[in-house]
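All remarks here apply to the structure that follows.
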Amino acid sequence: MALRKLAVSLWKTISQPARHFSLGFLTFGGFIAGIVFWGGFNTALELTNTETFCISCHEMRDNVYAELKTTIHYTNRSGVRATCPDCHVPHEWTDKIARKTQASKEVWGKIFGTISTREKFVEKRLELARHEWARLKANDSLECRNCHNFAFMDFTAQSKRAADHHARFLASREKTCIDCHKGIAHRLPNMAGVAK
């Protein structure tokens with residue numbers, strides 16, 4: 001009975017205007033609740049920004065991740081390895097939030113099994129690649145530039161063709177990384193009949 005009275009009293013207190021608590025207490029409580037919310041939000045955001053999270057669904061693990069493992073972005077002489085978020089999620093917070101919002105529609109693809117089998121993935125691969133290429137083109141290959149900085153490129157260590165192209169296209173901003181480096185970390189889709 002005492003527990004019931006306490007519950008009723010507590011309900012009346014929290015459901016009515018603040019006559020028992022000072023404005024300072026409510027402000028402090030809101031501040032603490034904000035910190036808890038912000039901490040939880042950022043923790044969840046960072047947990048979804050790991051390679052482990054990305055390859056937790058078999059669509060990614062068995063298709064694009066398996067391909068990544070055969071490229072220089074996975075294993076190389078320097079030991080520097082790009083993970084899924086390095087190439088597909090911008091590092092700056094506002095850009096990251098925008099990309100995560102965009103990526104939320106990929107959850108629908110998971111729910112409805114859009115690429116749940118290898119055959120479905122291969123069939124949809126060109127469309128998926130075009131979306132990613134367009135995104136990278138629109139942001140001037142921002143994720144590439146997180147690791148590959150034009151200002152620090154050693155043109156003497158590159159082939160003559162690569163050095164010429166980098167100097168001409170990147171310096172003038174005529175092209176961006178993705179214009180020439182499609183298929184650098186994953187196999188290209190069937191490009192038959194596609195204008196390059």
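Laboratory data are not the source of any read-out in this text; all were calculated from the coordinates shown. Because the structure is a prediction, the values reported are computed rather than measured. Cβ sites come from the backbone with ideal geometry, for glycine too, and all protein chains shown count toward neighbours.
What is the angle, in °, between the Cα long axis of helix 2-15 and the longest principal axis of the Cα atoms in the chain? Nearest 10 is fine, range 0 to 90.
Taking the Cα atoms of the chain, the angle to 2-15 is about 60 degrees.
Can you check what the net charge comes to around Ala129, using other residues whose Cβ is under 10 Å from the Cβ of Ala129 (Lys, Arg +1; Asp, Glu -1)?
+3
Calculated from DSSP H runs of 4 or more alone, at -39500 (n - 2.57) each and per residue, what is the 222 nm mean residue ellipticity of the chain, nearest 500?
That comes out to -17000 deg cm²/dmol.
Filter the chymotrypsin sites (Phe, Trp or Tyr not before Pro) in the range 28-88 to those in DSSP coil with at most 15 other Cβ atoms within 10 Å of their Cβ, and list the result.
Tyr74
Residues in the range 79-106, backbone N under 17 Å from the label point at Lys124 (7 Å along the Cα-to-beta-carbon vector): list them, ranges by number please.
Hits in the range 79-106 for Lys124 at 17 Å: 102-106.
Say a site is exposed when it is one of the GluC sites (Glu not before Pro), sits in a DSSP loop, and has at most 16 other Cβ atoms within 10 Å; what is then the longest site-free stretch of the chain?
1-91
Give me the distance in nm between label points sitting 7 Å out from Cα along the Cα-to-Cβ direction at Trp11 and Ala98, one decimal.
In this crude label model, Trp11 to Ala98 measures out at 4.8 nm.
Quick one: net charge of Asp164's neighbours, Cβ under 14 Å, K/R +1, D/E -1?
Its environment carries a net charge of +3.
What is the P(r) of the range 44-180, as percent of Cα-Cα pairs per 10 Å bin from 0?
Going from the shortest bin to the longest, the percentages are 10, 36, 37, 15, 3.
Estimate the FRET efficiency between Glu106 and Val36 by the formula 1/(1 + (r/R0)^6), using the beta-carbon distance for r and 35 Å for R0, to the nearest 0.05.
It comes to 0.80.
How large is the dipole of the chain about the Cα centre if only Lys and Arg carry +1 and Asp and Glu carry -1, each at its Cβ, rounded to the nearest 20 debye?
420
Taking the range 67-152, which trypsin sites (Lys or Arg not before Pro) meet the DSSP loop condition and have no more than 16 other C-beta atoms within 10 Å?
Lys69, Arg77, Arg81
Could you check the simple spin-label distance between Thr75 and Ser159, using points 7 Å along Cα→Cβ, in nm with one decimal?
Going by the 7 Å Cα→Cβ label model, 2.3 nm.
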